[in-house]
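Structure record follows, encoded as structure tokens.
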Amino acid sequence: MPVLLDPADAGFARDPYPYYARLRAQGPAVRTPLANGTHAWLVTGYQAARTVLSDPRFSNVPAPRAGRPKPDSAAERARACLARHMLNLDAPDHNRLRRLVTGAFTPRRVDALRPRIEQLVGPLVADVQARLEGGGVADLVDAFAFPLPVLVIAELLGIPEADRTDLRTWTYRVGSPADSLAPGEVEEAWGSLHTYFSELIAHKRRAPGDDLFSALVHEEREGSLDDGELLALAFLLLFAGYETTMNLLSSASLLLISHPEELGAARREGSRRWDAVVEETLRHASPLEGATWRRTTEEVDLGAGAVIPAGESVLVVLAAASRDPEHFAEPDVFRPARYLAGAGRAAGHVAFGHGAHVCLGARLARLEATIALPMLFGALPGLALADAVDAIPYRPGLLVRGPRSLRVQRL
Ligand code: HEM
């Protein structure tokens with residue numbers, strides 16, 4: 001019988017891997033009691049994770065919310081929008097939305113963002129540098145890993161530079177625990193995002209720019225997105241893109257600072273080594289701990305005695321699957337060289353998911369990280385952690401995983 005899983009436990013948030021390793025040894029899916037009194041089936045092995053993520057009997061459509069509907073408010077309308085995006089849909093509705101968005105998210109369009117991303121990273125690195133001057137301490141999450149993905153999404157959505165500080169503030173607020181802000185601030189931020197995105201869509205209809213979002217607004221193919229779908233998509237791009245990439249940047253920074261030999265190798269060997277650092281960070285410190293919740297539409301037999309009844313909640317633990325010893329040699333060791341091209345190159349991780357919902361922003365996330373990390377560490381040699389590694393706080397919860405703050409100083 002598995003031990004109770006408490007996602008709010010600080011020790012579990014920092015290092016959930018031993019817990020998941022014990023579950024993996026018990027079978028492809030294990031019915032696990034959660035601290036909130038419910039239970040879920042956790043899938044922690046690599047093969048089982050890929051099987052579940054590509055099986056349509058595991059639905060992405062959330063169960064209808066029990067209880068009375070919430071009173072109407074801008075904040076509630078914004079949250080309702082988020083419930084209508086493609087990650088919460090199954091085929092065939094999902095296919096239609098995904099096809100339209102994929103058409104706009106081409107490799108050419110993503111790669112064309114490189115010079116803009118470089119321009120966005122420059123001032124952030126300069127800001128970190130300024131904070132470190134005279135023996136100061138800088139928080140790499142606050143000053144680097146959080147703002148960059150938000151600014152890049154602002155590029156995708158074609159948000160004018162003058163409005164980006166607001167976007168950054170609202171995003172920060174809706175992503176913060178409610179008790180860390182003044183009463184009503186989170187609600188207000190949701191409402192502001194909803195109003196802003198609605199006006200943005202109206203503006204793009206009148207005056208398209210050359211951004212990805214304008215391309216979607218003016219999509220002329222049959223079945224193009226209506227305003228409600230565009231709004232849900234704007235929210236999805238923001239929320240799928242910022243916290244994940246933020247965790248990738250902060251976890252990679254932490255791993256490089258605490259593995260100076262790997263940082264030295266990346267500095268010496270250049271871009272192919274940085275690519276490997278990013279890939280190994282995705283595997284070793286999966287920015288999404290779990291995929292979004294799935295629900296069985298019928299009984300599913302995963303073998304080895306794991307029979308999941310219909311209507312059950314299932315969590316595919318990506319972080320655990322990417323550390324499956326059946327699939328990766330010495331999975332708990334951070335070793336970027338396993339991703340260097342050549343014979344014996346390690347198999348792909350599942351940090352970007354698998355199957356119908358596999359991440360649409362993977363190319364963009366890799367691009368951001370392989371630009372930003374060399375720029376940060378190139379400008380700031382001799383970075384050291386200001387806190388002990390085991391005192392670094394991690395985000396609680398089963399969905400995202402990464403440091404809440406990462407305080408550094410110059411040696
Ligand atoms: C390191 C950064 C990122 C990671 C680790 C990541 C990971 C993932 C994963 C695991 C999924 C599938 C979730 C599931 O099946 O439940 C997903 C879906 C998605 N991601 Fe990402 N993501 C990242 C960055 C981004 C960025 C930058 C964008 C765009 C701005 C993006 C857009 C999306 C979208 C639109 C989906 C939904 C696809 C669908 O439902 O078909 N992601 N991502």
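The values are calculated or read from the model by the stated rules, or taken from the named source; none is laboratory data. Predicted model, so just to flag it, every value in this text is computed and none were measured. Neighbour counts run over all protein chains shown; Cβ positions are idealised from the backbone, glycine included. Only protein heavy atoms, including side chains, enter the accessible area calculation; ligands, DNA and RNA are left aside. Shrake-Rupley method; radii C 1.70, N 1.55, O 1.52, S 1.80 Å.
Data for the structure
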quantity: Residue match in region 384-392 (condition: more than 16 Å from the ligand (Cβ to nearest atom), within 20 Å of the chain's Cα centre (by Cα) and either in contact (Cβ under 8 Å) with a residue 60 or more places away in the chain or assigned to a loop (DSSP other than H, G, I, E, B) (or both)); calculated: yes
quantity: In region 255-275, the residues that are in a helix (DSSP H, G or I) and of a type outside the set (A, V, I, L, M, F, W, C); calculated: SER258, PRO260, GLU261, GLU262, GLY264, ARG267, ARG268, GLU269, SER271, ARG272, ARG273, ASP275
quantity: Residue in region 246-258 that is away from the ligand (no atom under 16 Å from the Cβ), within 30 Å of LEU282 (Cβ to Cβ) and surrounded by fewer than 20 Cβ atoms within 10 Å (Cβ to Cβ) present; calculated: yes
quantity: Total residues in region 5-42, condition under 17 Å from VAL400 (Cα atoms), in a helix (DSSP H, G or I) and open to solvent by 30 Å² or more (accessible area, probe 1.4 Å); calculated: 3
quantity: Residues of region 354-373 satisfying the condition of being open to solvent by 40 Å² or more (accessible area, probe 1.4 Å) and either over 14 Å from the mean Cα position of the chain (by Cα) or more than 7 Å from the ligand (Cβ to nearest atom) (or both); calculated: HIS354, ALA356, ARG363, ARG366
quantity: Single unsatisfied condition, ARG79 versus (1) under 28 Å from ALA386 (Cβ atoms); (2) surrounded by 13 or more Cβ atoms within 10 Å (Cβ to Cβ); (3) not aromatic (Phe, Trp, Tyr); calculated: (1)
quantity: Index of the failed condition, ILE308 passing every other in (1) on the phi < 0 side of the Ramachandran plot; (2) away from the ligand (no atom under 16 Å from the Cβ); (3) open to solvent by 20 Å² or more (accessible area, probe 1.4 Å); calculated: (3)
quantity: Region 198-234, residues that are touching a Phe, Trp or Tyr at 6+ places or on another chain (Cβ under 7 Å) and within 16 Å of the ligand (Cβ to nearest atom); calculated: LEU212, LEU231, ALA234
quantity: Residue list for region 117-139, filter: within 16 Å of the ligand (Cβ to nearest atom) and either more than 16 Å from ILE371 (Cα to Cα) or open to solvent by 30 Å² or more (accessible area, probe 1.4 Å) (or both); calculated: none
quantity: Filter result (within 13 Å of the ligand (Cβ to nearest atom) and not polar (S, T, N, Q)) within region 281-304; calculated: LEU282, ARG283, HIS284, ALA285, PRO287, LEU288, GLU289, GLY290, ALA291, TRP293, ARG294, ARG295
